[in-house]
Amino acid sequence: MHPAATKRRGFVGSVFALVLRYLAQAAYFAGLTALIPLVIIPTPKAPTYFSAAMGLIIFAVLVLFIQKGTLGLTIRALGRLTTLSGVLAILFLMFGREASINFVSGVSSALAPLIRGYIERSVPSVWLLALGFLLIGIVLWGVGGKMVKKSQYHEIAHFKRRIEHLK
């Protein structure tokens, strides 16, 4: 957070802004995470779950936009969060798949073949979603970074013009 923002808001306002930012980031992660089971488990309540996930994502985007102040910074922050979500999903798929199968096999040997088949069938679609998160995150991160650099360039040029004008 910029030091000037701390002076304007005061200590309590700065702490509130920090808590709100972390809450928005957690809501974004929760929204993206809630999308994953919708791919795996077809359920009659899927539209409700999808609406809840999108609500969390929209809340996070709005809060981050209000706090960041520019579209470029917001897109870059969302890109980082989406990339991290994709990386975590891929790590869980790599290391959590066998652990899930072993856990179910240890609990109930009768259900093990059913669960194994279910995991084998659903994991490819989750891989695609995780890779999608990763790719979308990288693109958002890059686009946001370019938008921020371009706006900073314009701010520097404007500042130089004002200095020239004062001379």
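Since every read-out is calculated from the coordinates, none of them should be taken as a lab result. Quick caveat, the model's predicted, so the values are computed rather than measured. Every residue, glycine as well, gets a Cβ built from its backbone with ideal geometry; the counts of neighbours run over all protein chains shown.
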Task: Difference of contour (0.36 nm per residue) and Cα-Cα distance, VAL19 to LEU131 - done: 37.3 nm
Task: Gained length - TYR49 relative to VAL87, 0.36 nm times residue gap less alpha-carbon distance - done: 11.4 nm
Task: Per-pair calculated FRET efficiency, R0 = 41 Å: LYS150 and THR33 via Cβ, rounded to 0.05 - done: 0.80
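Would you mind ranking PHE65, PHE16 so that the residue whose beta carbon has the fewest other beta carbons within 10 Å leads the list? Could you put the intermediate results ahead of the total?
Details: PHE65 17, PHE16 12.
Ordered from fewest to most neighbouring Cβ atoms within 10 Å, PHE65, PHE16 come out as PHE16, PHE65.
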